[in-house]
Amino acid sequence: MWISDRRRRAQEGEEPVQIGRVTIPGDPACVWTGSERRDAPLFGPGGYIWRPNLGDEVLVLKTGEGFCVAGVRNSGAYLAPGEVAILGQNNTQIVLRSNGVIQINGQALTFNGEVLAGKLPEEESGEGGEE
């Protein structure tokens, strides 16, 4: 009884939210927050799956008996209010601009498994599909 009570008091002293650095990527991940946190599951917005990189600065949340990783620090400095970016490795990204433009950057683009070379195919009207 006294052992479990002592453990509870030690855990209560820990911050419920911490910034950590990924030491072993994956799901679950391992993060350093002053001590190693192992087997931390990853959480993100619904419909979005992500994996942090080794060394990424992440938000670590205390949960009941363990910890979880909730997100990676990002600046978003190049985004205007209301814009969204999905970032990958090697400067691969999809940006949804507030003016209605969808910007795709990467080495290749595939559509239904078929590689589209060079630029995106232009619409016959040349004006982005308005008929």
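The values are calculated or read from the model by the stated rules, or taken from the named source; none is laboratory data. Note that the structure is predicted; figures quoted are calculated from it, not measured. Because the Cβ atoms are built from the backbone with ideal geometry, glycine has one as well, and the counts that use them run over all protein chains shown. Just so you know, the surface numbers come from the protein's heavy atoms only, side chains and all, with ligands and any DNA or RNA stripped out. Shrake-Rupley method; radii C 1.70, N 1.55, O 1.52, S 1.80 Å.
Is it true that G82 is within 26 Å of G106 (Cα to Cα) and in contact with a Phe, Trp or Tyr (Cβ under 6 Å, 6 or more places away or on another chain)? Taking the combined requirement at face value, the residue does not satisfy it. Once the stretch 88-109 is narrowed to residues that are modelled with pLDDT under 85 and open to solvent by 60 Å² or more (accessible area, probe 1.4 Å), the residue that is nearest to the chain's Cα centre (by Cα) is Q89. The single condition from (1) open to solvent by 40 Å² or more (accessible area, probe 1.4 Å); (2) at pLDDT below 90; (3) not in a loop (DSSP other than H, G, I, E, B) that P45 fails is (3).
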